[in-house]
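Everything on this sheet refers to the single structure shown next.
Nothing in this text is a laboratory measurement; each read-out follows from the coordinates by a stated rule. Computed from a predicted model, the values in this text were never measured in an experiment. When we count neighbours, we look across all protein chains shown, and the Cβ atoms used for this are built from the backbone with ideal geometry, even at glycine.
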Amino acid sequence: YFIVKPGVPFSNVPQRYLGREYVRLNLKCLIERPCKGYVEGILKLMGMENCKPIGTCGNKLDVSSPDDLKYVGKDRHSLFRSVVGKAQYICKTLVMIAFSVKELSRHFHEQRECDLANLKRLCRYLAGVIGQGLLLQSDGLENRILGKTDSDWAGCQETRKSTIAGDVSWSGVS
């Protein structure tokens, strides 16, 4: 992250690095977000540049017809893998998409029509959160480690597998 010396004025000009933007607000506060062009590139890859944004990124598996369980063709196979890979990269800064991306990644090798529909839903959500990111704040306490976890035991309706997630912060920075 940024090293700021005391007495040096802060700049709200974003610093770009590897597809991410960093904006330092003050000595203890930093915003990290994906570059606008990175998210727009994902939407362009899916052909959804002008899609209508939605407020939630994921939903339960909807298999309302047998066609939903059909596997996608080879042409859409590589598209699916490419878009999900790009979404994995921005999960660190857009943590609200982490669960949806994890569920899409489970079907990385064999995508079905219902998985492609969930990917399109994720893209519609991304269209509405361009410019949002993660606010990193330090509480000023030195050498403090804080861990948080969450779990969903046997939450998958297909496999009854569990999902576990966690976050560790050191000195107030995740």
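Okay, here's what the table says:
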{"item": "Formal net charge of residues neighbouring residue 14 (Cβ-Cβ distance under 14 Å; K, R +1; D, E -1)", "result": "+3"}
{"item": "Above-threshold pairs, the threshold being 22 Å between Cα atoms, out of 36/86; 70/92; 36/92", "result": "70/92"}
{"item": "Under the Karplus curve 6.51 cos²θ - 1.76 cosθ + 1.60, θ = phi - 60°, whole-Hz ³J(HN,Hα) for segment 86-99, x wherever Gly or Pro sits", "result": "5, 5, 4, 5, 8, 4, 5, 9, 10, 5, 5, 9, 4, 5"}
{"item": "Computed label-point distance, nm, for sites residue 17 and residue 88 using a 7 Å Cα→Cβ extension", "result": "2.3 nm"}
{"item": "Proximal charge balance of residue 43 [Cβ under 10 Å; K/R count +1, D/E count -1]", "result": "0"}
{"item": "Karplus-derived 3J(HN,Hα), 6.51/-1.76/1.60, for each residue of segment 103-109, Hz, glycine and proline x", "result": "5, 5, 5, 5, 10, 5, 8"}
{"item": "From phi via Karplus (6.51, -1.76, 1.60), per-residue ³J(HN,Hα) for segment 75-83 in Hz, x at Gly/Pro", "result": "5, 8, 4, 5, 4, 4, 4, 5, 5"}
{"item": "Long-range HN-HN contacts of residue 20 with modeled amide H, under 5 Å", "result": "35"}
{"item": "Environment charge of residue 32, counting only residues whose C-beta is closer than 13 Å and scoring Lys/Arg +1, Asp/Glu -1", "result": "+4"}
{"item": "Computed FRET value (nearest 0.05) for residue 50 with residue 71, which takes r as the C-beta separation and R₀ as 30 Å", "result": "0.55"}
